[in-house]
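K.L.:
Before we start, here is the structure in question, set down as structure tokens.
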Amino acid sequence: MYDMKAYYESESVQHAIELRLAHPEAHIIAGGSDVLVQMREGKRAGVELISIFMLDELRGVTIDEEENIRIGSLTSFSHITKNPIIQQYINVLGEAVDQVGGPQIRNIGTIGGNTCNGVTSADSASTLHAWEAIVELTGPKGVRRIPIKDFYLKAKVVDIREGEIQTAILIPKASYENTYGYYIKYAMRNALDIATNGCSVNVRLSEDKKTFDRVRVAYGVAGPVPMRCPNTEAFINGKEVTMENIEAFAQKVLEDINPRDSWRASKALRQHVAVESAKRCIIESVKRAGGEL
Amino acid sequence: MGKQYKLVRYNLNGKDVEQMVDVRASLTDMLRNDYRMTSVKKGCEVGECGACTVLINGEAFNSCIYLAVWADGKKIRTLESLLGPNGELADIQQAFIDEAAIQCGFCTPGFIMSSVEILESGKEYTDAELRKLLSGHLCRCTGYENIIRAVKKTMYKRLGKEMPQE
Ligand SMILES: Cc1cc2nc3c(=O)[nH]c(=O)nc-3n(C[C@H](O)[C@H](O)[C@H](O)COP(=O)(O)OP(=O)(O)OC[C@H]3O[C@@H](n4cnc5c(N)ncnc54)[C@H](O)[C@@H]3O)c2cc1C
Ligand code: FES
Ligand code: FES
């Protein structure tokens with residue numbers, strides 16, 4: 001039995017918003033793989049829960065009228081990985097979330113939960129930052145869409161306002177067209193471990209595939225929230241696709257990130273892993289984009 | 001607030017059932033206490049060990065971090081569903097015995113339910129893929145090798161193919 005004060009089941013998005021307004025203290029529960037564990041640990045003991053788990057309308061991946069890839073917030077990791085739209089346009093996201101926990105966690109964990117928890121090590125977070133995802137929130141005043149970088153306010157705090165729930169994550173066409181990416185999770189074991197470093201890179205090459213037209217790099221666990229690397233990106237954009245430029249690019253990330261010493265890994269190790277991951281990710285992205293090195 | 005209950009209707013091992021359930025119950029609690037499905041083990045109860053694994057609409061879930069009220073409208077299968085009408089073991093259960101993939105047996109029902117999902121996909125997996133597909137389970141006794149072999153052997157048998165030499 002969970003130590004729970006009260007439980008409310010949402011019957012629609014509108015109903016969820018009403019429940020949020022009526023019970024402002026209550027916690028939202030989606031798949032529960034963070035919330036229920038924290039209830040067991042005592043961190044969320046005795047709370048009221050508003051469940052959105054039964055809202056099937058928030059599940060699935062589609063392409064909307066504006067040609068955005070639309071991922072419903074309740075879509076599970078395993079369904080993202082298996083989805084043909086994801087595989088065709090943003091395969092790296094499916095690969096990244098295929099490294100979360102183990103198979104059963106990937107069947108219950110949702111992309112909404114993985115972003116609303118505001119956790120820097122979340123396996124979807126760096127890729128969503130690197131692809132400039134848009135977060136859709138629905139609340140009493142209607143729908144609000146914001147860039148993912150603005151959604152993360154600080155460690156474990158995101159911009160969800162009174163009465164709101166997250167309803168989708170969108171990837172705009174300009175972001176996914178002709179773009180290929182790669183993600184590396186560095187952890188101590190292959191399954192059921194939290195990332196010590198997460199690096200996601202994607203590239204769009206010029207038509208002759210000789211120049212970096214647009215490169216985007218993002219990290220998880222390199223700071224309190226997932227982050228992009230503006231200096232590194234400015235350095236490589238417009239440059240020729242050569243190993244020399246790639247080496248310099250990888251070193252450049254140290255100007256953008258600020259990993260910390262912790263029991264999990266030292267700052268020096270984290271910096272080393274960050275540089276090496278950036279290099280491997282961009283090489284793999286270039287290959288996927290049809291470039292040669 | 002007093003105790004809060006909710007009616008859930010679902011299909012358990014092929015039978016339609018309904019139950020008034022305490023909203024605080026996990027699916028493990030309901031399956032064990034209300035239906036005596038004691039194959040569903042309570043291990044870590046935080047989603048790490050896989051001892052409580054059941055199939056929900058054909059996919060493996062840790063029932064310890066799944067609320068009982070969410071069972072509504074679902075098809076749920078536990079290890080008990082594998083037994084034949086006269087208590088015969090399924091091929092995968094027999095393979096676990098034959099390969100000595102069981103010692104204390106606490107992790108076994110969970111491993112077998114994940115194996116059922118793997119086997120019913122009808123696909124042929126590599127060793128590396130099988131290891132990944134079974135990585136949501138912990139076993140403190142066997143050292144895993146025999147478990148992988150039991151699943152692999154059953155996979156090849158069901159595919160009607162010869163198992164490659166190791
Ligand atoms: C054993 C185990 C291993 C794990 N391994 C990993 C791992 O390797 N990598 C990783 O990234 N994570 C891991 N996790 C953490 C977890 O599975 C993920 O963060 C998952 O994405 C959470 O999704 P959920 O739907 O279960 O979230 P929930 O627990 O339901 O919610 C998480 C948070 O987000 C809020 N929330 C959820 N959905 C919404 C919404 N639509 N609108 C507003 N707020 C919302 C909740 O209020 C809560 O604060 C692991 C968890 C376990 C138990
Ligand atoms: S008891 Fe459910 S995963 Fe351990
Ligand atoms: S047989 Fe004892 S835990 Fe696996």
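Just so you know, all these numbers are worked out from the coordinates, no wet-lab data involved. Keep in mind that this is a model prediction, so the values were computed, not measured. Ideal geometry is used to build each Cβ from the backbone, glycine not excepted, and the neighbour counts take in all protein chains shown.
K.L.:
Please report, ordered by residue number, every helix of chain B (full DSSP H runs) that is 27 Å or longer along its axis going by C-alpha atoms and whose mean Kyte-Doolittle hydropathy reaches -1.0.
P.N.:
none
K.L.:
Loop by DSSP (not H, G, I, E, B), at most 13 other beta-carbon atoms within 10 Å: where is the longest site-free stretch of chain B for trypsin sites (Lys or Arg not before Pro)?
P.N.:
Maximal segment without exposed cleavage sites: B:37-122.
K.L.:
Output the lone cysteines of chain B: those with no second cysteine's C-beta under 4.7 Å from their C-beta.
P.N.:
So, B:C104, B:C141.
K.L.:
Also, I was wondering about something else. Could you grab the relative contact order for chain B? Cα pairs under 8 Å, six or more apart, rounded to a whole percent.
P.N.:
The normalised contact order for chain B reaches 22 percent.
K.L.:
Next question, about the same structure. Using a basic spin-label model with each label point 7 Å from the Cα along Cα→Cβ, how many nm lie between A:R59 and A:D159?
P.N.:
Here the modelled spin labels are 3.1 nm apart.
K.L.:
List the pair-distance distribution P(r) of segment B:5-81, using every Cα-Cα distance, as the percent of pairs falling in each 5 Å bin from 0 up to the bin containing the longest distance, rounded to whole percents.
P.N.:
3, 18, 31, 29, 14, 3
K.L.:
Determine the calculated [θ] at 222 nm for chain B from helices alone, applying -39500 (n - 2.57) to every DSSP H run no shorter than 4 residues and normalising by the residue count; nearest 500 deg cm²/dmol.
P.N.:
Only helices count here, giving -9500 deg cm²/dmol.
K.L.:
Give the lysines reachable from B:K15 as a straight Cα distance under 20 Å; neighbours fewer than 8 places away on the same chain don't count.
P.N.:
B:K6, B:K74, B:K75
K.L.:
Whole-Å semi-axes of segment B:21-166's equivalent ellipsoid, largest first, each the root of 5 times a Cα gyration tensor eigenvalue?
P.N.:
26, 16, 14
K.L.:
Can you list which of the GluC sites (Glu not before Pro) found in segment A:29-114 are DSSP loop residues with at most 14 other C-beta atoms within 10 Å?
P.N.:
Within segment A:29-114, the qualifying GluC sites (Glu not before Pro) (loop, at most 14 other Cβ atoms within 10 Å) are A:E65, A:E66, A:E67.
K.L.:
Rounded to the nearest 20 debye, what is the charge dipole size of segment A:102-244 about its Cα centre when +1 sits on each Lys and Arg Cβ and -1 on each Asp and Glu Cβ?
P.N.:
Rounded to the nearest 20 debye, it is 200 debye.
K.L.:
Follow-up. Let me check against my output: what whole-number percent is the relative contact order of segment A:45-102, with C-alpha pairs under 8 Å and at least 6 apart?
P.N.:
The value is 25 percent.
K.L.:
Same structure, new question: For segment A:57-112, what is the convex hull (Cα atoms) projected area averaged across all directions, in square nanometres?
P.N.:
Average of the hull's projected areas for segment A:57-112 equals 3.6 nm².
K.L.:
A follow-up question, please. Put +1 on the Cβ of each Lys and Arg and -1 on the Cβ of each Asp and Glu in the protein assembly as shown; which of A:V100, A:P259, A:S277 then has its Cα farthest toward the positive end of the dipole?
P.N.:
It is A:P259.
K.L.:
Net charge near B:A95: determine it from the other residues with C-beta under 10 Å of the C-beta of B:A95, scoring Lys and Arg +1 and Asp and Glu -1.
P.N.:
Result for the local shell: +1.
K.L.:
Near B:K161, which lysines are there with a Cα under 24 Å away, not counting those fewer than 8 places off in the same chain?
P.N.:
Cα-Cα hits under 24 Å: B:K123, B:K132, B:K152, B:K153.
K.L.:
Please give me, ordered by residue number, the GluC sites (Glu not before Pro) of segment A:117-200 that lie in loop per DSSP and have at most 12 other Cβ atoms within 10 Å.
P.N.:
A:E162, A:E177
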